[in-house]
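Student: Have a look at this one before I ask anything.
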Amino acid sequence: MLIIGIAGGTGSGKTTVARSVIDRLGTGKVTFISQDNYYKDHSHLNMEERSLINYDHPFAFDNELLIAHLKELKQGLAAQAPVYDFTVHARSTTETEELLPNNIVIIEGLHVLSDEHLRDMLDIKVFVDTDPDVRILRRVLRDIEERGRTIQSIHQQYLTTVKPMHEAFIEPSKKYADLIIPEGGENEVGIHLLSVLTEKYLTGDQQWSGA
Ligand code: C5P
């Protein structure tokens with residue numbers, strides 16, 4: 001099993017890169033994991049308390065569970081990933097997503113390269129590098145349209161946690177990347193390179209130690 005990790009700041013285009021690679025390889029051949037689904041659950045807190053949490057610090061994620069699921073997949077077992085609901089800052093109590101073992105696993109998220117234990121499980125490490133102004137513009141649209149946020153709350157959160165955590169943890173994790181893809185989903189060449197490399201693994205033309 002080959003595990004590809006795709007990191008990058010909020011709004012960088014990580015998901016678009018992952019989805020584009022999956023489209024080129026064929027959906028059935030890849031298991032896709034979003035680190036966002038592994039946000040720690042805060043359903044015991046009220047909404048006011050939940051909205052004040054720092055969701056951009058590496059500790060916001062339940063990486064132990066994520067690593068346990070990757071190990072299960074490596075053993076050929078299915079895993080039940082939690083599903084996260086951003087509109088209420090909590091894990092769904094009714095829904096899980098079944099992850100099936102596959103030759104290729106793509107995991108994308110803010111901190112897939114900043115956590116040492118998670119990083120050690122990755123065979124190909126990718127960082128999607130997009131300018132901060134582009135990222136915040138995308139985030140404003142997405143958070144208003146899909147996550148039920150106001151411009152005031154986005155402004156406040158960006159300055160108090162998103163930007164400082166990006167500078168402290170996410171940007172420095174770029175040094176661990178094997179491949180840096182500037183401008184994410186718009187970078188056809190970068191996506192093509194990653195897809196070709198992954199295809200070579202699928203056809204057996206390329207071997208990775210331990211994969
Ligand atoms: O998809 P993206 O990588 O942008 O998702 C991560 C972002 O989601 C983080 O920057 C974090 O601020 C935000 N988030 C949030 N509310 C939550 C959980 C995460 O705004 N309850």
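Student: Give me the residue from region 148-187 that is within 30 Å of Thr198 (Cα to Cα), within 12 Å of the ligand (Cβ to nearest atom) and at pLDDT 95 or above and, out of that set, surrounded by the fewest Cβ atoms within 10 Å (Cβ to Cβ).
Tutor: In this case the residue turns out to be Phe169.
Student: Is there any pair with a first residue in region 3-16 that is near the ligand (Cβ under 9 Å from one of its atoms) and a second that is polar (S, T, N, Q) whose Cβ atoms are under 6 Å apart and which are 6 or more apart or on different chains, and what are they?
Tutor: Here the result reads Ser12/Thr130, each pair linking region 3-16 to a residue that is polar (S, T, N, Q).
Student: Can you find, within region 41-57, the residue that is farthest from the ligand (Cβ to nearest atom) among those that are touching a helix residue (DSSP H, G or I) at 6+ places or on another chain (Cβ under 9 Å) and farther than 22 Å from Ala7 by Cα?
Tutor: My answer is Ser43.
Student: Is it the case that some residue within region 89-101 is of a type in the set (Ser, Thr, Tyr), more than 19 Å from the chain's Cα centre (by Cα), under 22 Å from Phe59 (Cβ atoms) and not in a loop (DSSP other than H, G, I, E, B)?
Tutor: Within region 89-101, none of the residues are of a type in the set (Ser, Thr, Tyr), more than 19 Å from the chain's Cα centre (by Cα), under 22 Å from Phe59 (Cβ atoms) and not in a loop (DSSP other than H, G, I, E, B).
Student: Let me ask you something else. Which of the residues belonging to region 94-117 are exposed (fewer than 15 other Cβ atoms within 10 Å of the Cβ) and touching a Ser or Thr at 6+ places or on another chain (Cβ under 7 Å)?
Tutor: Across region 94-117, the qualifying residue is only Leu100.
Student: I've got another one for you. Check region 124-147 and report whether any residue there is more than 17 Å from Ser12 (Cα to Cα) and buried (at least 16 other Cβ atoms within 10 Å of the Cβ).
Tutor: yes
Student: What tally of residues in region 49-70 results from selecting those that are without any contact (Cβ under 8 Å) to a residue 24 or more places away in the chain and farther than 19 Å from Asp143 by Cβ?
Tutor: Qualifying residue count for the region: 4.
Student: In region 127-211, which helices (runs of 4 or more DSSP H) lie fully inside it and hold 2 or more residues that are polar (S, T, N, Q)?
Tutor: Correct list: 151-157, 188-203.
Student: Another one. Taking the options Val88, Val126, Val105, name whichever one is within 28 Å of Ser173 (Cα to Cα) and within 16 Å of the ligand (Cβ to nearest atom).
Tutor: Step by step, each of Val88, Val126, Val105 is checked, and only Val126 is within 28 Å of Ser173 (Cα to Cα) and within 16 Å of the ligand (Cβ to nearest atom).
Student: Kindly indicate whether any position in region 70-78 is more than 16 Å from the ligand (Cβ to nearest atom), touching a Ser or Thr at 6+ places or on another chain (Cβ under 7 Å) and part of a helix (DSSP H, G or I).
Tutor: Yes, there is a match, as at least one residue in region 70-78 is more than 16 Å from the ligand (Cβ to nearest atom), touching a Ser or Thr at 6+ places or on another chain (Cβ under 7 Å) and part of a helix (DSSP H, G or I).
The values are calculated or read from the model by the stated rules, or taken from the named source; none is laboratory data. What you see is a predicted model, and the numbers here were worked out from it, not measured in a lab. Here Cβ is always computed from backbone atoms with ideal geometry, including for glycine, and neighbour counts include all displayed protein chains.
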